[in-house]
Amino acid sequence: MIKGLIFDLDGVIVNTDTYHYEAWKSVANKYSIQIDKSINENLKGLSRRDSWNLIMEIGNIQLSDEETNIVLETKNNLYRKKLKNLSSDNLLLGVENFLQELNHKEFKLAIGSSSRNAKDILNYLNLSSYFDSIIDGSMVKKLKPSPDIFIKAAKNLGLKPIHCIVFEDSLSGVKAAKDGGFKVISVGNKELLDVADYHIDNFLDFKLDQYATVS
Ligand code: BG6
Ligand code: MG
């Protein structure tokens, strides 16, 4: 019996995953490291620091802690600059109607995002009030692929993982949710269905009952 739904933010509610990608490409480029879409699939969901560690590994470079901190700050500044373009046009198709429907049906809703910018984005887009709990990257020690974010979100909703569905667009996030004992619906990248329980391209026409037939 599903009682709660936990949503990743970037790439699930809003297409800010593309802003992360562009910002990382530009930062990596300064160190002559090329990031393509397939590399980006492995960056999605990871913390800012873990993303850069992976990029350094790919480029076979090592930086001092001081320089690493500068890179992380530069990336975040670039990313936040891009957020200034954000509007409801950036929401995933059908997502706001879906959230409204769920609120009316009295499901518990949470956000489980690795991003420290999550709350700002939700406030800016006037979406915060849909959620009973918002867990972001500043609230747990271990980020995705650790299940901690989702476990904390479920706990805050007063629910067990088996009673929650997680919506995720990243491999690290799908793995995190499966490890935490959640049902997972992957969003966007169809290859995630190898690990997830069900897949949707977006929220247009998606009905929870549809999912219930396979769960
Ligand atoms: C996740 C994104 O939601 O948040 C990752 O998928 C990003 O790409 C991570 O690295 C951390 O985000 P931020 O905004 O704190 O740098
Ligand atoms: Mg995501």
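In table form, for the structure just shown:
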| item | result |
| --- | --- |
| Pairwise label distance in nanometres, Asn202 with Asn42, each label 7 Å out on the Cα-Cβ vector | 3.0 nm |
| Asp209 - accessible surface, heavy atoms, 1.4 Å probe, Å² rounded to 10 | 110 Å² |
| Cleavage-rule hits, chymotrypsin sites (Phe, Trp or Tyr not before Pro), segment 1-108, DSSP coil, Cβ neighbours within 10 Å at most 14 | Tyr31 |
| Sequence of Met1, Met139, Met56 when ordered by accessible area, the most exposed leading, probe 1.4 angstrom | Met1, Met139, Met56 |
| Accessible surface, 1.4 Å probe, highest first, among residues Lys144, Lys155, Lys207 | Lys155, Lys207, Lys144 |
| Dipole moment magnitude, nearest 20 debye, the chain about Cα centre, only Lys, Arg, Asp, Glu C-beta charged | 480 debye |
| Expected 222 nm ellipticity per residue - DSSP helices of 4 or more, -39500 (n - 2.57), all of the chain, to 500 | -12500 deg cm²/dmol |
| Probe 1.4 Å - accessible area at His104, Å² to nearest ten | 150 Å² |
| Accessible area of Arg80 in the full protein assembly, 1.4 Å probe (Å², nearest 10) | 90 Å² |
| Solvent exposure, largest accessible area first (probe 1.4 Å, DNA, RNA and ligands not counted), of Ile70, Ile61 | Ile70, Ile61 |
| Span from the segment 158-202 Cα centroid across to the segment 58-116 one, whole angstrom | 18 Å |
| Gain in span if fully extended, Asn53 to Leu193, counting 0.36 nm per residue against the direct Cα distance | 47.7 nm |
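The values are calculated or read from the model by the stated rules, or taken from the named source; none is laboratory data. Owing to the predicted nature of the structure, the values given are computational and were not obtained by experimental measurement. Neighbour counts run over all protein chains shown; Cβ positions are idealised from the backbone, glycine included. For the accessible areas, the whole protein counts, side chains as well, though only heavy atoms, and no ligand, DNA or RNA atoms are used. Shrake-Rupley method; radii C 1.70, N 1.55, O 1.52, S 1.80 Å.
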